[in-house]
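The values are calculated or read from the model by the stated rules, or taken from the named source; none is laboratory data. Everything numeric here is computed off the predicted structure, so don't read it as measured data. Note that each Cβ is placed from the backbone with ideal geometry, even for glycine, and that neighbours are counted across all protein chains shown.
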């Protein structure tokens with residue numbers, strides 16, 4: 001089954017993780033929605049499970065993703081995340097293999113297949129370039145190339161890694177979109193990453209720890225648009 005909506009480059013991903021909950025998540029989602037419309041940049045909002053239905057119901061343009069799911073079918077599985085349940089709540093995609101919830105390639109393959117069955121998009125995290133190449137063979141929609149040691153450290157990937165990971169992924173499947181993550185803490189970081197060839201980037205702690213979250217979201221998403229437009233002239 002194909003997704004009803006598709007993401008186009010350039011785009012941006014925001015994941016509040018467990019920094020925020022409830023109304024604060026919705027407030028951030030609304031700021032992201034406003035910036036998405038203002039700059040015509042697609043935004044993936046990776047939403048905590050309890051807030052998926054709320055965020056999906058209160059926004060129109062955001063691509064609401066779940067932070068994980070399991071490859072099980074309806075039935076037994078008390079503490080597992082059923083793919084059908086996140087879709088019913090309003091998610092249009094799912095993040096997989098984040099360093100805080102790693103998966104083996106075998107489980108990842110089954111989970112991507114379950115997502116495809118339901119028309120859910122997949123954004124899959126990779127650390128080293130050889131891992132990104134192995135994941136590209138599984139055919140996800142998006143790969144997040146991010147050295148796990150930089151996550152939350154306020155230091156972005158070096159440009160050699162950015163360019164090498166893009167070439168490696170695209171050489172296997174040019175249809176996979178490549179998001180460069182880890183350590184994005186300012187609009188300047190965003191601009192440099194997009195200028196280096198990435199189709200997207202994203203931020204968690206750089207947004208949620210900002211003194212003014214809405215202003216930081218606007219700054220980063222504007223940087224996506226400005227850098228992309230300068231690059232494709």
State whether one or more residues within segment 32-44 are more than 18 Å from residue 187 (Cα to Cα) and touching a strand residue (DSSP E or B) at 6+ places or on another chain (Cβ under 9 Å).
-> no
Give the residue, chosen from 113, 103, 108, that is in a helix (DSSP H, G or I), free of Cβ contacts under 8 Å to residues at least 40 places away in the same chain and either touching a strand residue (DSSP E or B) at 6+ places or on another chain (Cβ under 7 Å) or farther than 24 Å from residue 42 by Cα (or both).
-> 108
Residue 105 fails exactly one of the following numbered conditions: (1) farther than 30 Å from residue 192 by Cβ; (2) within 18 Å of the chain's Cα centre (by Cα). What is the number of that condition?
-> (2)
For residues that are crowded, with 23+ Cβ neighbours inside 10 Å and in contact with a strand residue (DSSP E or B) (Cβ under 7 Å, 6 or more places away or on another chain), scanning just segment 64-94, find the one that is nearest to residue 42 (Cα to Cα).
-> 64
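Please determine whether any residue of segment 117-136 is assigned to a loop (DSSP other than H, G, I, E, B), at pLDDT below 95 and touching a strand residue (DSSP E or B) at 6+ places or on another chain (Cβ under 7 Å).
Our first condition is that a residue be assigned to a loop (DSSP other than H, G, I, E, B); within segment 117-136, this holds for 119-120, 127-128.
Keeping just the survivors that are at pLDDT below 95 gives 127-128.
Now restrict to residues that are touching a strand residue (DSSP E or B) at 6+ places or on another chain (Cβ under 7 Å): none.
No, that holds for no residue.
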Meets criteria (touching a helix residue (DSSP H, G or I) at 6+ places or on another chain (Cβ under 9 Å), at pLDDT 95 or above, part of a loop (DSSP other than H, G, I, E, B) and within 24 Å of residue 8 (Cα to Cα)) for residue 140 = yes
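With the requirement that a residue be part of a loop (DSSP other than H, G, I, E, B) and loosely packed, with under 14 Cβ neighbours inside 10 Å, what does segment 1-46 give you?
If the condition is that a residue be part of a loop (DSSP other than H, G, I, E, B) and loosely packed, with under 14 Cβ neighbours inside 10 Å, then 1, 2, 4, 5, 6, 8, 18, 21, 22, 40 are the ones that fit.
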Does residue 146 count as farther than 26 Å from residue 226 by Cα and either modelled with pLDDT of 95 or more or surrounded by 21 or more Cβ atoms within 10 Å (Cβ to Cβ) (or both)?
-> no
So which residues in segment 47-85 are within 16 Å of residue 119 (Cα to Cα) and outside any loop (DSSP other than H, G, I, E, B), if there are any at all?
-> 63, 64, 65, 66, 83, 84, 85
